[in-house]
Every structure is written in structure tokens, then in C-alpha cells.
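Shown next, in C-alpha cells, is the structure this report addresses.
Just so it is clear, none of the values below were taken in a lab; they were calculated from the coordinates. None of the values given here were measured: they were computed from a predicted structure. Positions of Cβ are backbone-derived with ideal geometry, glycine not excepted, and every protein chain shown enters the neighbour counts.
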Amino acid sequence: MKNKYYYPSEELLAAFSTIQDFFDAYIPSKKYQHLLIQNKWILLDGKPVNRRTPLKGRLSLRLYADSAVIKPLSHTEPLIQDDFVLYEDAFLLAVYKQSELLVHDDGNAAITLCDLVARYFYDTGQACAIHPLHRLDYDTSGIVLFCKSEILQPLFDQMMTAKAIKREYLAVVEGYWKCRSFIVEKAIAKDRHSKKRRVSKQGQYAKTTFTTLYCDPNKQYSVMRCQLASGRTHQIRVHCADQRHALLGDPLYGKASKRIARTALHADRLSFYHPFLQKQIVIHAALPDDLAQFLPKEMRRPR
């Protein structure tokens with residue numbers, strides 16, 4: 001990295017009295033607080049600090065303490081497509097995950113999304129961590145957000161858990177779903193007898209807001225916007241199936257479809273207030289062709 005350090009603005013630091021105050025807001029991990037102080041990776045006017053040091057002066061914070069060099073890769077073939085990177089700054093990387101691709105290796109995958117991110121960092125000379133902040137199912141396409149600094153990951157993990165990072169999906173469901181906007185608020189639990197999840201009062205809280213964007217004139221399918229207020233495994237798929245409108249092409253909760261060769265779900269929008277840049281970030285991922293076909297041309301976001 002050309003610059004491994006981050007220099008918070010005076011406006012950002014104005015709310016804090018001591019280094020510990022800054023830690024409490026931006027470095028929630030006690031482990032990394034200790035690491036920063038012990039290794040002198042947090043400095044004030046170029047001098048080492050402790051937790052009680054008054055926060056008056058120019059603060060510098062080393063972001064990339066976990067990687068000293070750019071790591072070589074086992075995958076040497078060119079893998080990165082032109083539309084792979086959707087957003088990037090010194091802290092985060094948002095990339096486009098195609099369908100039929102795992103985020104993490106399950107022991108059988110030849111290539112994963114993490115491999116592609118590693119290739120991108122290698123090609124661009126960035127010695128960054130590879131930490132996906134969430135995941136998408138194998139056949140779901142769309143946005144996946146990565147934290148580039150191991151030190152900052154706990155903060156963004158907290159934001160993800162608190163739903164301060166908002167994720168939205170476009171889904172194509174079976175049948176005519178005439179309700180314009182509504183909420184499904186039903187707990188989800190593991191099914192003891194299969195890989196499926198199911199609605200259950202004994203499960204974990206789950207809430208999804210659905211908005212109907214378009215209905216097929218022949219009432220064969222509906223296109224929905226889905227907003228998550230929780231992040232349970234298969235949440236959208238389970239809630240849709242519970243409403244008797246399974247996702248089109250979903251082999252687990254619905255059935256195969258001649259219209260599409262995979263589950264019709266796409267993570268198309270991610271938004272959050274950036275704690276370091278102090279501005280709202282909105283990231284979009286254009287619909288792939290296999291899903292765009294279900295919307296009239298005037299409703300499709302340009303690629």
C-alpha cells in the first residue's frame with residue numbers, strides 16, 4: 001500500500017476527549033486496541049499514545065497491520081471482469097458476485113469470491129485483508145462488501161449486525177403477489193430433517209419488508225423488492241415460501257423453472273453512512289440478463 005495510515009479529520013475527532021473515547025467508537029475490539037498501542041500503530045503528532053492520552057493533535061492510525069507484503073496466489077489466470085468492483089475506498093471494497101459462485105471455500109470449489117478479491121488486491125498492489133462482511137448463497141448474484149483492514153472489521157461487523165448497513169434484493173416469485181407493500185415478521189429455525197430452514201416460533205427473529213414492483217400480466221410471476229431487517233440464512237426464500245410465493249427456480253423451497261436456471265434472487269442495493277468518510281454511501285449492482293428479462297425495459301437499471 002502506498003499509505004498504510006489513516007488520518008481522521010478534525011471534525012471527526014471533535015467529539016472525543018481521549019484515545020479511549022476514539023477506540024470505543026471506532027475500534028471496538030480490545031485486542032486491536034491493545035495491538036495498536038503496543039505496536040505504536042496509533043500516534044498523535046507522531047508520538048506514541050496510551051488510552052488516557054488527550055485527543056489533541058493530528059491522529060494517525062495504521063489500517064493494514066495484518067499484511068506486510070502482497071501475498072502470492074495459487075490462481076494465476078486472469079479472473080477479474082470489468083464490472084467486478086462496484087465501490088472501493090481505503091476501508092471497504094464492494095464487488096459483484098455472479099451466480100454459481102461461493103463466497104468462501106467449502107473444500108470443493110475451484111474458485112471462490114474470496115479468490116477473486118485476492119486476485120484483485122494482487123493485481124492492484126494492495127496488501128489488504130480479505131474479510132467479507134456478509135455472504136450470499138451460491139446461486140444468488142449481487143453485491144458483497146469486504147473490509148480491507150482487519151483492525152476495522154469489528155466496527156463494520158457491528159454495523160452489519162445492527163443493520164446500519166442496509167441490504168436490498170430484487171426477487172422474482174411464483175404467481176401474482178398483488179399486495180403493494182407489506183412485512184413478513186416470522187422467526188426462522190433450522191429444519192431438523194433437511195438443509196432447509198422453516199418458519200417456527202422457536203426460531204430466531206426475522207423480518208422482511210416486501211414491495212411489489214411488477215406483476216406479469218398473465219399472473220405467472222411477480223417482481224419484488226426485499227429489504228432485510230435481520231439476516232437469517234435463507235430468510236427471503238423462507239418468507240416467500242411461507243407466503244406461498246416461492247422464489248422462481250428455487251429448488252429447495254419451490255421448484256425448478258423453465259424461465260430461469262437458478263434461484264431468482266439478486267442483491268442489487270447496499271447503503272450505509274460511512275463512519276470514516278462521514279457521508280452516505282449507496283452501491284448498486286445492475287440486474288443480470290437472466291433476471292432483467294422479468295421487468296419491462298423501462299424499469300431496468302442501465303448496466
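Side notes on the structure shown:
- For the range 280-290, Karplus couplings with θ = phi - 60° (6.51, -1.76, 1.60), whole Hz, Gly/Pro x: 6, 10, 10, 10, 10, 10, 4, 5, x, 4, 5
- Counted by Cβ distance under 9 Å from Ile143, the other residues give a net charge of +2, where Lys and Arg count +1 and Asp and Glu count -1.
- Asp45 paired with His193, simple spin-label distance in nm, labels 7 Å along Cα-to-beta-carbon: 7.1
- In plain terms, if you count all Cα to Cα distances in the range 5-62 and split them into 5 Å steps from zero, the share in each step is 4, 20, 37, 29, 8, 0 percent.
- Rounded to 5, percent antiparallel among DSSP beta bridges of the chain: 95
- Amide H contacts of Lys148 (H built 1.01 Å from N, under 5 Å, at least 5 apart or other chain): Leu92, Leu93
- Prolate/oblate/rounded call for the range 101-157, Cα gyration tensor, a/c under 1.5 rounded: oblate
- Over all directions, the projected convex hull of the C-alpha atoms in the chain averages 18.4 nm² in area.
- DSSP-loop trypsin sites (Lys or Arg not before Pro) across the range 72-156, with at most 15 other Cβ within 10 angstrom: Arg135
- 16 Å Cα-Cα reach of Lys148 towards aspartates and glutamates, excluding residues that sit fewer than 8 places from it in its own chain: Asp66, Glu88, Asp89, Asp115, Asp123, Asp157
- Against the rule of thumb 2.2 N^0.38 Å, how large the Cα Rg of the range 167-267 comes out: 1.01
- Candidates Asp115, Asp139, Asp242, ranked by Gaussian network fluctuation over the chain, Cα under 10 Å, top entry: Asp242
- Förster-model FRET efficiency, 25 Å R0, Asn108 and Ser200, C-beta, rounded to 0.05: 0.25
- Max mean-square fluctuation residue, GNM over the chain, Cα-Cα springs under 10 Å, options Val49, Val173, Val144: Val49
- Only alpha carbons enter this Debye calculation for the range 66-162, each as an equal point scatterer, and the log10 of I(q)/I(0) it gives at q = 0.14, 0.24 Å⁻¹ is -0.50, -1.46.
- Using a cut-off of 30 Å between Cα atoms, the listed pairs Lys97/Lys163; Lys207/Lys279; Lys186/Lys279; Lys163/Lys219 include Lys186/Lys279; Lys163/Lys219 as exceeding that distance.
- Length-normalised contact order of the chain in % [C-alpha pairs under 8 Å, at least 6 apart]: 14
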